[in-house]
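Trainee: Could you have a look at this structure, given as structure tokens, before my questions?
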Amino acid sequence: MIPLAIPNLRGKEQTYLRECIETNFVSSVGPFVDRFEADLGRLLGVTRAVATTSGTSGLHVALVAAGVGRDDLVILPSLTFIASANAIAHCGGLPWSFDIDPRSWTLSGEALARGIDAECEKQDRGLVHRATGRRVAAIMPVHTLGVVADMDPIVEIARTYGLPVVADGAASLGADYRGRSPAATGADLTVFSFNGNKTVTAGGGGAVVGDDETLCDLVRHLTTTARVSPAYEHDRVGFNYRLTNLQAAVGCAQLEQLESFVAAKRRISDRYDRELTDLEGVEAFPKPEWGTSACWLSGVVIRERPLPKILESLEASGIGARPFWRPIRLQAPYREAPSEPTPHCDAIWQQILTLPCSTQLTESDQGRVIEALRRCLE
């Protein structure tokens with residue numbers, strides 16, 4: 001079986017892990033945690049990075065720090081992994097789903113402006129959604145598949161209405177937006193994931209990054225149980241969300257290989273585009289003009305053919321292909337949550353096929369994938 005996306009642990013991971021064990025730094029304090037945060041901040045061009053236990057916990061604590069609370073609404077694209085919405089629910093809020101830009105499969109600035117103008121009004125307590133009476137507390141763009149959302153219009157709308165922007169950049173490490181890193185797009189905070197299927201992994205983990213020192217200091221405080229003194233005094237409800245030194249050691253070794261990993265991801269994506277999109281009804285993943293994708297996952301869009309049968313055929317050929325995310329508005333926990341019309345999302349989500357794209361995928365194995373899919377489609 002050729003897997004979809006697995007870690008590439010060919011760097012100094014073992015050396016750094018051995019150092020953790022030899023020095024007895026294996027928990028949430030240690031030199032590799034500090035180094036991981038410093039290296040990540042430097043790579044992204046931001047002043048602060050706070051490592052967390054996962055991307056989801058990073059989103060949760062970032063939203064709390066940004067002021068999201070019980071009964072609030074947070075705007076996000078309907079096409080995203082459910083963790084984006086779950087982080088909102090962990091705050092006691094609800095996701096408000098919006099449509100995607102078909103050029104990028106990320107939050108549409110036009111849909112955002114139209115929805116807020118039609119559905120909201122300004123009150124003393126902030127921007128209020130008329131139909132539910134809930135305060136709109138934040139906007140969460142998602143950098144889908146490593147494609148950075150078109151952030152300039154989103155940030156402009158957010159500033160107009162006084163809304164913080166917490167970007168879910170889980171898979172966007174290595175991408176750029178108009179020549180800037182995915183963390184330098186105007187979002188107040190950007191959150192990354194280092195899950196095992198990401199281009200760079202720590203075996204798990206996440207990070208919240210940004211340039212607002214006060215906000216990032218609050219994130220760090222909240223991730224360490226909001227402790228204010230050695231005498232176990234805490235000033236608010238906090239979380240035990242700190243990354244371990246063991247995980248950070250793996251993350252440091254992975255960050256050292258980021259450039260080569262992203263280059264491999266892009267080569268794989270480009271080859272699928274070249275060798276599959278000549279087939280009728282087969283289209284490439286989006287690569288909008290405003291930036292360069294990190295190409296976290298690769299694959300194709302397959303029009304007017306039943307994806308389950310294609311997946312079954314590929315599995316029989318030893319190909320670890322997968323479908324893509326079910327929209328948030330269709331997920332059982334969020335079917336009653338507010339949603340704007342999502343025609344672009346509805347038209348695409350069942351036609352997305354992700355294909356093997358591990359950074360160590362060989363040319364011959366990718367050739368096997370291409371041959372198997374062409375045989376299935378032809």
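Here, each number is a calculation from the coordinates, and none is a lab measurement. Given the structure is predicted, the values throughout are model-derived calculations rather than measurements. Virtual Cβ from ideal backbone geometry, glycine too; neighbours counted across all protein chains shown.
Trainee: If you take every DSSP beta bridge fully contained in the stretch 13-255, what fraction is antiparallel? Give it as a percent rounded to 5.
Mentor: The antiparallel fraction comes to roughly 60 percent.
Trainee: I've got another one for you. Give the lysines reachable from Lys309 as a straight Cα distance under 28 Å; neighbours fewer than 8 places away on the same chain don't count.
Mentor: Lys309 reaches Lys198, Lys265, Lys287.
Trainee: Starting from the exponent 0.38 and prefactor 2.2 Å, build the expected Rg for the chain from its residue count and divide its actual Cα Rg by it. Don't skip to the answer; put the middle values down first.
Mentor: Values: Rg = 20.8 Å, N = 378, 2.2 N^0.38 = 21.0 Å.
Dividing the Cα Rg of the chain by 2.2 N^0.38 Å gives 0.99.
Trainee: Based on the Cα atoms of the stretch 258-377, what semi-axes does the equivalent ellipsoid have, where each is the square root of 5 times one gyration tensor eigenvalue, given in whole Å with the largest first?
Mentor: They are 26, 19, 14 Å, listed from largest to smallest.
Trainee: State the answer as a single residue: which of Ile268, Val219, Ser229 lies farthest towards the positive end of the charge dipole of the chain, with beta carbon charges of +1 for Lys and Arg and -1 for Asp and Glu, about the Cα centre.
Mentor: Ser229
Trainee: Continuing with this model, one more query. How long is the gain from Glu110 to Gln350 if the chain were fully straight, where each residue apart is worth 0.36 nm and the alpha carbon distance is subtracted?
Mentor: On the way: separation 240, 0.36 × 240 = 86.40 nm, distance 2.33 nm.
Taking Glu110 through Gln350 to full extension adds about 84.1 nm, to one decimal.
Trainee: Mean 1/r over all different Cα pairs, inverted: what Kirkwood radius does the stretch 12-171 give, in Å? Intermediate values should be presented prior to the final figure.
Mentor: Working: mean 1/r = 0.0582 Å⁻¹.
Answer for the stretch 12-171: a Kirkwood hydrodynamic radius of 17.2 Å.
Trainee: Round to a whole angstrom and tell me the spacing of the C-alpha centers of the stretch 1-50 and the stretch 54-75.
Mentor: Cα centroid to Cα centroid, the span is 25 Å.
Trainee: With springs only between Cα atoms under 10 Å, which of Ala284, Ala118, Ala253 fluctuates most in a Gaussian network model of the chain?
Mentor: Ala118
Trainee: Quote the relative contact order of the stretch 141-277 in percent (integer), defining contacts as alpha-carbon pairs under 8 Å separated by 6+ residues. Present the calculation step by step, with values, prior to reporting the outcome.
Mentor: Working: 200 pairs, mean separation 23.2, N = 137.
Result for the stretch 141-277 is 17 percent.
Trainee: Based on DSSP H runs of at least 4 residues, each adding -39500 (n - 2.57), what is the mean residue ellipticity at 222 nm of the chain after dividing by all its residues, to the nearest 500 deg cm²/dmol? Each step should come with its number before you reach the end.
Mentor: Details: 12 runs with 139 residues, N = 378.
Mean residue ellipticity at 222 nm (helix-derived): -11500 deg cm²/dmol.
Trainee: Hey, what's the Cα Rg ratio for the stretch 296-352 versus the globular rule of thumb, 2.2 N^0.38 Å? Could you put the intermediate results ahead of the total?
Mentor: On the way: Rg = 13.7 Å, N = 57, 2.2 N^0.38 = 10.2 Å.
Dividing the Cα Rg of the stretch 296-352 by 2.2 N^0.38 Å gives 1.34.
Trainee: Gap in Å between the Cα centre of the stretch 102-175 and the Cα centre of the stretch 313-331?
Mentor: Answer, in whole Å: 28.
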